[in-house]
Structure formats: structure tokens, C-alpha cells
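J.: Can you read through this structure? Questions will come right after.
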């Protein structure tokens, strides 16, 4: 039985199509956000980061996060903080998934809040402070905001991967019984 996470070995065209689909899904779901401080928290972006990072790897997940952040900014459903708030998590999940065995790749979802809540918040705080001097302790506020968004998003992404894996197993079993 092949593993659902074996998508990594497919060609560039297929990965490009999946990355574009993941970016489009993130943009379509961008209406489900809530403001905390200067950021718009968007858990579904983090869920998409987890799925893309595990299925496609770090570079493709990073590309999907960048494209969705760019589109969300152009549509007005995101802020400049969408870039560091999504890209670090996607990259971290991709690297974590590469380091884990196929059976454990869905646990790479834990890397999403860690990278987003620390690295993403730090870079975002530098952006806020550079554009609004004297804005105070931004790292703490943005870290809390990014974690409030990325923890539930990572859980949603992990549950989606688990569901996809279970569905894939059932389809494979039915195909093997024919």
C-alpha cells in the first residue's frame, strides 16, 4: 500500500498545481479571521500551511504561503503581517515533515505554531516598529496573536491530514478488494 504522503515524489507540474490549489483555498477561507492588535488572525492559513508542508515539502509550502499572503493583501483580507505570520510556519512544517518518518509526518504540525509564534512574531514586530515607531512591546502582543491563530490552525491541519490518510487507506483497500 502506498502512503498518502508519497506526493513528495511527483513531478514539478503536479506540485505547482497543488501549491496553487492550497494558496487558493487559503484565500477563499480568508474571510474567517479575527483582529488582535495590528494583525488579522487567520487559523485556516495555518491549517493550509500544515497540509502543504507535509504533502509538498518546505519550498512549495513556502511558495503557497507567499502567494496566499500576497493575494490576501491585494484583496484587503490580510495585512503586511500575513507574510511573516504564514511563511515561517509553512517552511518549518515542511522541514519537520522531511525529518520525520512517513508514519509520523502529520506531527510536523507542531512546528507551525512554534515557528509562527516565535520567528513570525519577531519579524512582524520589526515591521510594525519600523512602520510605527514607539508602538511599544510588539513582540509579546504579536506572539500571543499569532499563537492564538496558529495553534488551532495547526490542529485543524493535523486533523485534515489524519482524515485524508484514513480516506486514502479506505480507497486503497477497496481498490485492492476488486
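Read-outs: derived from the displayed coordinates by stated rules, not from any lab. Fair warning: this is a prediction, and the values are worked out from it, not measured in the lab. Because the Cβ atoms are built from the backbone with ideal geometry, glycine has one as well, and the counts that use them run over all protein chains shown.
J.: Can you pull the one-decimal nm distance between simple spin-label points at residue 104 and residue 24, each 7 Å off the Cα toward Cβ?
T.: About 3.6 nm separates the two model spin labels.
J.: I've got another one for you. So what's the gap between the Cα centers of the range 44-89 and the range 100-132, to the nearest angstrom?
T.: What the calculation gives is 11 Å, centre to centre.
J.: Follow-up question, since we're still on this one. What is the percent of Cα-Cα separations in the range 4-177 that go past 29 Å?
T.: 19 percent
J.: What angle, in degrees between 0 and 90 and rounded to the nearest 10, separates the Cα long axis of helix 121-131 from the longest principal axis of the Cα atoms of the chain?
T.: Orientation of helix 121-131: about 40 degrees from the principal axis.
J.: Let me ask you something else. Using only the alpha-carbon atoms, how far is helix 58-75 inclined from the longest principal axis of the chain? Give it as 0 to 90 degrees, nearest 10.
T.: Here the helix axis deviates by roughly 50 degrees.
J.: Another question, then. Specify the angular offset, from 0 to 90 degrees and rounded to the nearest 10, of the alpha carbon long axis of helix 12-28 from the longest principal axis of the alpha carbons in the chain.
T.: Approximately 50 degrees, to the nearest ten.
J.: Next question, about the same structure. To the nearest 500 deg cm²/dmol, what mean residue ellipticity at 222 nm is calculated for the chain from DSSP H runs of n ≥ 4 alone, each contributing -39,500 (n - 2.57), summed and divided by the residues?
T.: -23500 deg cm²/dmol
J.: Continuing with this model, one more query. Which semi-axis lengths, in whole Å and largest first, follow from the square roots of five times the eigenvalues of the Cα gyration tensor of the range 75-125?
T.: The three semi-axes for the range 75-125 are 24, 11, 7 Å.
J.: Cα convex hull of the range 75-172: mean projected area in nm², to one decimal?
T.: 7.4 nm²
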